Structure formats: C-alpha cells, structure tokens
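As structure tokens, the structure follows; a few thoughts come after it.
The values are calculated or read from the model by the stated rules, or taken from the named source; none is laboratory data. The model shown is predicted, which means the values in this text are computed figures rather than measured ones. Don't worry about glycine lacking a Cβ; one is built from the backbone with ideal geometry, like all the others, and counts go over all protein chains shown.
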C-alpha cells in the first residue's frame, strides 16, 4: 500500500513530502497514520515561524496562512482538508470534548475512534462530582484504557518529532515482519499487528536513545503539553486541560 508521509526531512526549515511503501492492516489505520503525522507536524517549532509551532502561530494570527505559505505544497495535497480540520481555528479545541477528535498517536494506531459515549470514566466522574470542572480536572490526568493508558491531557497534547520518527521506525519493522505472511482473516491480521505493536513499544529503541518507545512518547507528549499550557496562559486562553 502506498502511503504519503508529512516528513521533516533533512531541512528542518520546511515540512516536505516523502513517499514510502508500508504494509498496513486496515484502511482505518492507514488514514490514522496520516493524521498522526499531521498532529506531530503541528507541534514542531519551525524557524520560518520564528520558532513557533503551527499550533501557536495559528492561534496568534487567528489563521494558518503563515504555515501554509511556508509549505505551499500542502494546499495541493490530498490530505490538506485534515490540516485545516486539525489546526486550532475555533474555541472547541480548548474544551474537553476536543480530545475525542485526536488520534491518540502511535500507541493507538490500530484502535478504533473513541467517542464520548464510550468514556465510562468521565461519566462516572460527572455523576460523582457536583461541579463539572472538578470532574474534568480528575479525568484529564487519569490514565485511560481507551487510549492505551495515556491520560486525556496527553492525547489532547499530541506528539512531536520523536513520535513521528518512532512511527516510521515501527511501520518499517511491521512491514518487514508482516509482508508476505498469510492470515486466516482480517481480524487475525489486525490482532497480529496489535500484538507486534505491544511488543515493539517496550523494547529499547535507538530512535529514542535506547529508551522504550512508550516511555519516550509519554515524555515528549508531556513536554508538548507543558509548552501548550504555558503558551495558552500567556495568550490568556482558558482550556479544560489546564
């Protein structure tokens, strides 16, 4: 299956397009790969944006023109609509419900899309606490099985450079492992992919300086989260994730 990557390449001033061929078990996970790459790209500082991330620059200018002028090919790309959808162009980005529009990243690449109705932990907290804000404050910090034990605040934050590089490493290893193998059913194919991901994520990896990928992903997302909160506080923007 042919895949389009939003890669950072050797020239860190620009996002650039690369084409790679990966083995991917489902159409849903193929689409999620593109969305994960976009989330990572939006959290990376670029010199041409004065070392701001596209997330930050879009909020400051209330539009994404600087980012799209920096990488004009994006407007011609088939996935341009996803960039527009995922940039923080309205206030919904800062409410707790926005977490359900995020991918959950590499650790959740094969998981189905999560909807609020599936979030029993949030329902439980909403019923327990009189004030909605108090319930959300606990919920956002609580590791969730819905997102492979990531807390909602880190799902909302998204990944960045390291997670993007780990994504490519994982897809390369998955392709080497699975290509040419036969499976009894689509379900068997997906289960085998999930099992490989769960094994891969705990093995020390050179991409993240021999840390386990799961630890490196969490650490990077925590940094992204802290940077976003600091920026939003300076912009005097309130969010359910602060």
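Out of segment 207-224, which residues are without any contact (Cβ under 8 Å) to a residue 60 or more places away in the chain and closer than 17 Å to residue 150 by Cα?
212, 215, 216, 219
Of all residues in segment 130-162, which are over 14 Å from residue 103 (Cα atoms), modelled with pLDDT of 95 or more and part of a loop (DSSP other than H, G, I, E, B)?
Correct list: 140, 141, 142, 143.
Considering only segment 231-242, how many residues are touching a residue at least 12 places away in the same chain (Cβ under 8 Å) and part of a helix (DSSP H, G or I)?
2
May I ask you to verify whether residue 107 is in a helix (DSSP H, G or I) and within 30 Å of residue 211 (Cβ to Cβ)?
When the stated conditions are applied, residue 107 passes them.
Kindly provide the set of residues from segment 203-230 that are assigned to a helix (DSSP H, G or I) and more than 19 Å from the chain's Cα centre (by Cα), ordered by number.
Once the filter is applied, which keeps residues that are assigned to a helix (DSSP H, G or I) and more than 19 Å from the chain's Cα centre (by Cα), segment 203-230 yields 206, 230.
Counting only residues that are farther than 30 Å from residue 213 by Cα and assigned to a helix (DSSP H, G or I), how many does segment 118-129 have?
Final tally of qualifying residues: 6.
Just give me the residues in segment 186-202 being under 17 Å from the mean Cα position of the chain (by Cα) and modelled with pLDDT under 95, in sequence order.
none
I need the full set of residues from segment 85-110 which are over 13 Å from residue 140 (Cα atoms), touching a helix residue (DSSP H, G or I) at 6+ places or on another chain (Cβ under 9 Å) and surrounded by fewer than 17 Cβ atoms within 10 Å (Cβ to Cβ), in order please.
Matches in segment 85-110: 85, 89, 92, 101.
Which of the numbered conditions does residue 227 fail, given that it passes all the others? Conditions: (1) more than 19 Å from residue 150 (Cβ to Cβ); (2) surrounded by 16 or more Cβ atoms within 10 Å (Cβ to Cβ); (3) out of contact with any helix residue (DSSP H, G or I) (no Cβ under 7 Å at 6 or more places or on another chain); (4) at pLDDT 95 or above.
In the conditions (1) more than 19 Å from residue 150 (Cβ to Cβ); (2) surrounded by 16 or more Cβ atoms within 10 Å (Cβ to Cβ); (3) out of contact with any helix residue (DSSP H, G or I) (no Cβ under 7 Å at 6 or more places or on another chain); (4) at pLDDT 95 or above, residue 227 misses (1) alone.
Identify the residue in segment 77-104 that is in contact with a strand residue (DSSP E or B) (Cβ under 9 Å, 6 or more places away or on another chain) and in a loop (DSSP other than H, G, I, E, B) and, among all such residues, is farthest from residue 188 (Cα to Cα). Before the answer, list the steps.
Restricting attention to segment 77-104, the residues satisfying the condition of being in contact with a strand residue (DSSP E or B) (Cβ under 9 Å, 6 or more places away or on another chain) are 77-79, 83, 104.
Then drop every residue that is not in a loop (DSSP other than H, G, I, E, B), which leaves 77-79, 104.
Values: 77: 33, 78: 31, 79: 29, 104: 23 Å.
Applying the filter and picking the extreme gives 77.
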